[in-house]
Amino acid sequence: MKAVCDRATLTSGVQVASAVVAPRSPKPALGCIKMVAEKDFITLLATDLEVGIRIELDKMEVQEPGLGLVPADRFHAILRELDEDTIELSSTEQETTIEAPGSHFTILGDNPEDFPPVPDFPETGAFSVAADDLLALAERTLFATAKENTRYALNGVLWEVEGKDVTLVATDGRRLSLAKGKCKDGPQEKVTAIVPSKAMQLIVRCLTDTAEAKSTARVVISEKDILVEVPPADGGRRVVYSRLVDGHFPKYEDVIPKDLDKKATMGTSALLAAVRKAALLTNEESRGVMLKFSGGELVITSRTPEMGEAEIRMPIAYDGEDLEIGFNPQYLMDAAKVIDAEELAFMFKGPSKPGVILEGKTFTHVVMPVSVV
Amino acid sequence: MTTAAIHILPEQLVNQIAAGEVVERPASVVKELLENAIDAQASRIVLEVEEAGKKLIRVSDDGAGIPADQAPLALASHATSKIGSRDDLEGITSLGFRGEALASIASVADVRLLTRTADALEATEVTVSGGRADAPRPASGPVGTTVEVRNLFRYVPVRRKFLKTDATEMGHITDQAARIALAYPAVHLTVTHNGRSVYQLPPSESVRERVGAFFGGDLAASLIEVTSEEPGGRLWGLVGPPHVDRATSVMQYLFINGRYVRDRGLLHALREAYRGLLEGRRQPVAFLFLTIPPERVDVNVHPTKIEVRLRDAHLLYGQVLATVRERLLGPGLTPSLPAPAAAGAGEPAARTAAEAESAEAASDRDERVRRAMADFLHSPAAANQRRLPLAGKTALQGGFARKADSDAHRGAPATSPVRVQPARWALRPGTSDRSRLGETAPHGEAFDEAAPGSRAIQIHNTYLVAETEDGILIVDQHALHERVLFEEIMKRLEAGPLQSQRLLMPVTVALSDREMAAVEAYRESLGRLGLEVEPLGPRDVGIQAFPSLLERGDPEGTLRDFLAWVQAVDSPPTPRQVLEELAHVAACHAAVKAGDPLKTEEIEALLAHREAAHMAATCPHGRPTALILRKTDLEKQFGRDYAAGSKAAATDEILPY
């Protein structure tokens, strides 16, 4: 293959693709990005066999269609160092050459035939969601996934799509995030899937690049895998492929308490700021902050024996009885950060019972308390 | 049936009965004779043994000797030169004093005493056979005393039957010799068995050398010196690092004023000093020497004086515990990697000599090696940790040696611009949790000035390798992280129950009946750790809450391992043991595992903890967390030590012969 490429477009595409590449795979080909040049665009492909991505790059002047397989880390490093507007790219079976005024690189690669196939978005079976809606759903759940967990099912985000309703749920066993949204075009039948965190991160990344375009993302979920097509933005069409997590997601309905009898409403950014301040005097040995709801005031306190104490006050709307309840401040901040509305509702029942942070009917976050001693 | 009349026992029978207490086996004779030789100020002692002492025990010394007229008395009961009055008993400075030993021995064996004082013209010989002493007669012999004990227990055949095999009895004899040899390293001691030399110990200043002679050079080299001076007494000793442990307490040697004793209290203090550092019932290795005013210790408690009574037992207990514990928890206690000895070297004596020499080694040489080390850790091959498992070996050998050589050619500058100290792992307040390790990456000043790259690398996703002041530190990442978490949990537990994070869904764990009972029995301890466990059914429990300190911990694994331990222990554990075990299992499950790739910041944070925590060099299971490959050993391996200290070495290195 041979092409003259817009360097910025190519670099941003390679950067996203590099995130998929398996860092230390025994198969050298999996450490590479595959390039497919045809007509006037180049497709970048990368996979770690669990998750894969296709990135179509336009603004490319393809002189000879063909294939190339180039080690992702070196390729990315070289592109970042160059500052010319355009570069010349040519590949053979063994090597890729990058030409810019004054610079010449030849990177040894592998045979493109060795690269495993990365599925493309199918012609049929897709449902569609507005790109910015899908981004919000993903961002509101992804943070609550388990960072690492022996219970594999938790290390992913549950998707439930029925009719026009899309629900995404994630939990790490200490908190649970549930976000609801609407499809533009719903699927034929109800679909349920657990999408691994890595794929969700990739989806968020691709959507972030295009979300302002008021475009529509398309999704196909089959028994074993999911494909999300993010519509063309600057860099062109992107398709994220992922295998699904094979496991059972906990029954999240049972976890969301129905009997909460106390409710406070408060400013989202005010809560975020107050918790952040109180958290300054916590550490991982005593992570908890104490929330005291009384009358029109919320008092957040923290105390760490060898460090010190903090007390932060903020006005809230609350007329229930006085109540003190401890939480991990990070959990509260994580939830407040993804709420767009100016006000949120905080519902609870008692000191050792879960608390629930709500934004209307679209976002529900259950958070378990800590015993603050 | 007639009743026997009461009568006074004949003297020999009295002595035979007394011998029952003092002379238990050949080794007891050896002990008494060696102690006499020491009390006689001998500088040279020869112990000859035949048939493990059953046939012959002969101890010859070059001590003061006994004047001819007193020689017969030496073998009589309650005859001694060591004390004279009641007051002397209050401040015993000699090993013996009771005046019983020789008489007891003479009552159960044939004894020949040959002695001569420095100003006597000839020696005196006294023999005792069957309890009857012959008249002393002049004989020829050197200054000093020789005591021959033949046919031990000839007159008490019952006792003879109870003797064990020669190997066992000789083992006891060797142990007695070791006790004397360790306490009096300045005394030349020779031991032979059936005419063969067993030990040939020239006078030495070093207890470590003597330990090496009896217990092996590796053990001796591993020991750590402890010392403290308090009003109650002076403590000096060599103790084993926690990984050099034993199944029993036989390797615990405690000497008070040069006397080997078994004092339960002080040995307990020693064991306490290792609390949390040794696995299960493992016992430490220690050679402790206490010097206290003679009047503060009553040795007249037990015929063999193996037990003593201490006036300030609690003070000494505290001194032993604090001195050893502080040393063990102090910085720099890291087992040294035993590099294969270079040809011709490797004896304990050589090792200590090398250590002594290294202190004096020319500083420019130290600087050169330091620079080479710093450069190695900066080199691209080292920085690229992903590739290191493949390229590491050549990078180490090639990169290090080449760099050092080129520095040598250039002539090393007097001061090195890169002087790396362990403290470079910037101390940052507690970031223990695995996820946090990465989040709080160091920004900064501490790193920028001299070390733009990583100071440490990870190899095989299991070990962290870092430069230290005098070598290379290799850390087991899991063991270290586990240790860090364990220390934090224990520190926290002292203040009160751990903060506990409630779980959204209880973690259900199926248990046996015994395990269910154990959960019930230890519910309070579990609660203190922050582990809230409720029964969900006859054989199911749910973990409702877990310590928030261990955000990434594994509740089920922690509970299961704890219950397994509860069922494995023989006797009911103390509450503290329970909490420690809980902290162990919880830390183990929450710590990074071998095989987990770590980010550079995580590596640095973990190593920073090691320095900040001043922790012991073992994980809670007693495994070492770190090894040091000493610079001196590296030099040995690369053949850089043969002319250490000489500037000529730099050029010689190119053509080494």
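Nothing in this text is a laboratory measurement; each read-out follows from the coordinates by a stated rule. Predicted, not measured: the structure shown is a model, and the values here were computed from it. Note that each Cβ is placed from the backbone with ideal geometry, even for glycine, and that neighbours are counted across all protein chains shown.
Key figures for this structure:
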read-out: Charge dipole (debye, nearest 20) of segment B:11-204; +1 at Cβ of Lys and Arg, -1 at Cβ of Asp and Glu; value: 660
read-out: Shielding of A:325-336 by partner chains, average beta-carbon count, 10 Å; value: 1
read-out: Virtual paramagnetic centre 7 Å along Cα→Cβ of residue A:49, amide N under 15 Å, in segment A:97-121; value: A:114-118
read-out: Under 21 Å from residue B:55, Cα to Cα: lysines that are on another chain or at least 8 residues apart; value: B:31, B:161, B:164
read-out: Residues B:290, B:321 arranged by fewest to most Cβ contacts within 10 Å; value: B:321, B:290
read-out: Pairwise FRET efficiency - residue A:263 versus residue A:15, Cβ, R0 = 41 Å, nearest 0.05; value: 0.35
read-out: Filtered GluC sites (Glu not before Pro), segment B:175-235: DSSP coil and at most 16 other beta carbons within 10 Å; value: B:205
read-out: Angle between chain A longest axis and helix A:7-18 axis [Cα atoms, degrees, rounded to 10]; value: 60
read-out: Cα-based helix-to-principal-axis angle, A:72-81 vs chain A, degrees rounded to 10; value: 90
read-out: Student exercise, segment A:2-114 dipole from Lys, Arg, Asp, Glu Cβ charges, in Debye to nearest 20; value: 340
read-out: Length added when fully stretched, residue A:297-residue A:343, from 0.36 nm per residue minus Cα-Cα; value: 15.0 nm
read-out: Helix A:268-279 axis, angle to chain A major axis (alpha carbon atoms, nearest 10°); value: 80
read-out: Net +/- balance of residues flanking residue B:263 in space, Cβ distance below 11 Å, scoring K and R +1, D and E -1; value: +3
read-out: Karplus (6.51, -1.76, 1.60) ³J(HN,Hα), θ = phi - 60°, over segment B:300-311, in Hz, Gly and Pro reported as x; value: 8, 10, 9, x, 8, 6, 6, 10, 10, 10, 9, 6
read-out: Members of A:258/A:361; A:263/A:353; A:182/A:349; A:263/A:292 lying beyond 20 Å, as alpha-carbon distances in this model show; value: A:182/A:349
read-out: Segment A:1-95: GluC sites (Glu not before Pro) in DSSP coil with no more than 14 other Cβ atoms inside 10 Å; value: A:84, A:93
read-out: Shielding by partners - mean other protein chain Cβ count within 10 Å, residues of B:491-503; value: 5
read-out: Cβ charges +1 (Lys, Arg) and -1 (Asp, Glu), total dipole of segment B:114-241, debye; value: 760
read-out: At R0 = 41 Å, FRET efficiency that the Cβ-Cβ distance of residue A:4 and residue B:459 yields, to 0.05; value: 0.40
read-out: Between segment B:144-166 and segment A:323-348, the alpha-carbon center distance in angstrom; value: 85
read-out: Reachable lysines, given that their alpha-carbon falls under 21 Å from the alpha-carbon of residue A:34 and they are not under 8 places away in the same chain; value: A:2, A:59, A:198
read-out: Under the Karplus curve 6.51 cos²θ - 1.76 cosθ + 1.60, θ = phi - 60°, whole-Hz ³J(HN,Hα) for segment A:98-113, x wherever Gly or Pro sits; value: 10, 10, 9, x, x, 10, 9, 10, 10, 9, 6, x, 10, 5, x, 5
read-out: Sorted by Cβ neighbour density within 10 Å, fewest at the top, the residues A:312, B:459; value: B:459, A:312
read-out: For segment B:211-328, with +1 on Lys and Arg beta carbons and -1 on Asp and Glu, the positive-most of B:235, B:300, B:274 along the dipole; value: B:300
read-out: Highest-first arrangement of A:195-202, B:152-159, where packing means the average Cβ count within 10 Å; value: A:195-202, B:152-159
read-out: Order of A:32, B:588 under a 10 Å beta carbon neighbour criterion, fewest first; value: B:588, A:32
read-out: Paramagnetic reach from residue B:118 (point 7 Å along Cα→Cβ, amide N under 18 Å) across segment B:37-70; value: B:37-45, B:61-68
read-out: Note, ³J(HN,Hα) from phi for segment A:187-202, Karplus 6.51, -1.76, 1.60, rounded to Hz, x at Gly and Pro; value: x, 5, 10, 5, 10, 9, 7, 10, 9, x, 4, 4, 5, 5, 4, 5
read-out: Cα-projected label distance for residue B:279 with residue B:534, points at 7 Å along beta-carbon direction, nm; value: 3.8
